[in-house]
Amino acid sequence: MKGGEALAAELNRIVYSSGISSPVTSKRGLSARLRYLDSKAGREALRQQGVSPRTVRSWMAGKGNVAPTARNLAKIDSAYWTRRRENVVRSGWLGRHLDNNGQGRRMEIHPVDDRAVPTEYRRREISQRTVTLRYVGEDLAKAWAEQDQDGLDEIWDDVLTELDSDYNAYAYVSSVGINA
């Protein structure tokens, strides 16, 4: 995948690991998500997912004698993660977390695995690299929140300039890991 896509996937992992861990299919997970969405913005997020206002009122009041359908559970989960993404970015937590008081965060870059490629077509041996992300936390969080792939790609290009001559070897990677 492109480096910018790998950055987005890693930020998703960081944010999703700090959210509600119980699945939406469990009673605990469902009630936690509904509590999180019990606001004007949360109800709007549910409405945008296609849940009717009457159904939302019923769930919020606890009058729903019937558990939400699998399709509605998916809508609730999607609305939760949409609001979670917005709140994490609005609070500035992610950008501050990545900047780490100006010290940055260590990031491992895992190159594309080309072991399945015939030997005569393989590139030279590319190793895993480590680079420190400094002064890009706020921009990275903003681009991720806006799902701005061009912005993520631009940040990735900035990160790769730290690698000097190996710049092109890491345009596509198998994954990245941020020490967060």
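With the checklist (1) of a type in the set (A, V, I, L, M, F, W, C); (2) at pLDDT 90 or above; (3) under 16 Å from the mean Cα position of the chain (by Cα) in hand, flag the one item LEU73 doesn't pass.
Exception for LEU73: condition (3).
Quick check: is even one residue across the range 84-91 over 17 Å from ALA9 (Cβ atoms) and touching a residue at least 24 places away in the same chain (Cβ under 8 Å)?
Looking through the range 84-91, at least one residue is over 17 Å from ALA9 (Cβ atoms) and touching a residue at least 24 places away in the same chain (Cβ under 8 Å).
Spot the failing condition for VAL56; the list is (1) out of contact with any Leu (no Cβ under 6 Å at 6 or more places or on another chain); (2) without any contact (Cβ under 8 Å) to a residue 40 or more places away in the chain; (3) not small (Gly, Ala, Ser), and only one is missed.
Just one mismatch for VAL56, condition (1).
Do we find a residue being out of contact with any Pro (no Cβ under 7 Å at 6 or more places or on another chain), over 14 Å from GLY4 (Cα atoms), aliphatic (A, V, I, L, M) and open to solvent by 60 Å² or more (accessible area, probe 1.4 Å) anywhere in the range 154-165?
no
What helices (runs of 4 or more DSSP H), lying completely within the range 1-82, carry at least 2 residues that are among the small types (Gly, Ala, Ser) and closer than 30 Å to ASN168 by Cα?
3-17
Considering only the range 88-117, state which residues are assigned to a loop (DSSP other than H, G, I, E, B) and open to solvent by less than 70 Å² (accessible area, probe 1.4 Å).
GLY92, ASN100, GLY102, GLY104, ASP114, VAL117 - these are the residues of the range 88-117 that are assigned to a loop (DSSP other than H, G, I, E, B) and open to solvent by less than 70 Å² (accessible area, probe 1.4 Å).
Could you check the range 118-142 and list, in sequence order, the residues that are open to solvent by less than 90 Å² (accessible area, probe 1.4 Å), closer than 19 Å to ALA169 by Cα and among the β-branched types (Val, Ile, Thr)?
Within the range 118-142, ILE126, THR130, VAL131, THR132 qualify.
So ALA45 passes all but one of these: (1) closer than 30 Å to PRO111 by Cα; (2) buried (at least 16 other Cβ atoms within 10 Å of the Cβ). Which condition number does it fail?
With (1) closer than 30 Å to PRO111 by Cα; (2) buried (at least 16 other Cβ atoms within 10 Å of the Cβ) applied to ALA45, the lone miss is (1).
So, in the range 167-180, how many residues would count as being open to solvent by 20 Å² or more (accessible area, probe 1.4 Å), touching a Leu at 6+ places or on another chain (Cβ under 8 Å) and in contact (Cβ under 8 Å) with a residue 12 or more places away in the chain?
2
Go through the residues of the range 148-171 one by one and say whether even a single one is under 16 Å from ILE14 (Cα atoms) and assigned to a loop (DSSP other than H, G, I, E, B).
No, the conditions are met nowhere in the range 148-171.
Looking only at the range 143-153, filter to residues that are open to solvent by less than 70 Å² (accessible area, probe 1.4 Å) and of a type in the set (Asp, Glu); which one of those is nearest to ARG105 (Cα to Cα)?
ASP153
The values are calculated or read from the model by the stated rules, or taken from the named source; none is laboratory data. Values in this document were obtained by computation on a predicted structure and should not be read as measured data. Using ideal geometry, Cβ is built from the backbone for each residue, glycine included, and neighbour counts are taken over all protein chains shown. Only protein heavy atoms, including side chains, enter the accessible area calculation; ligands, DNA and RNA are left aside. Shrake-Rupley method; radii C 1.70, N 1.55, O 1.52, S 1.80 Å.
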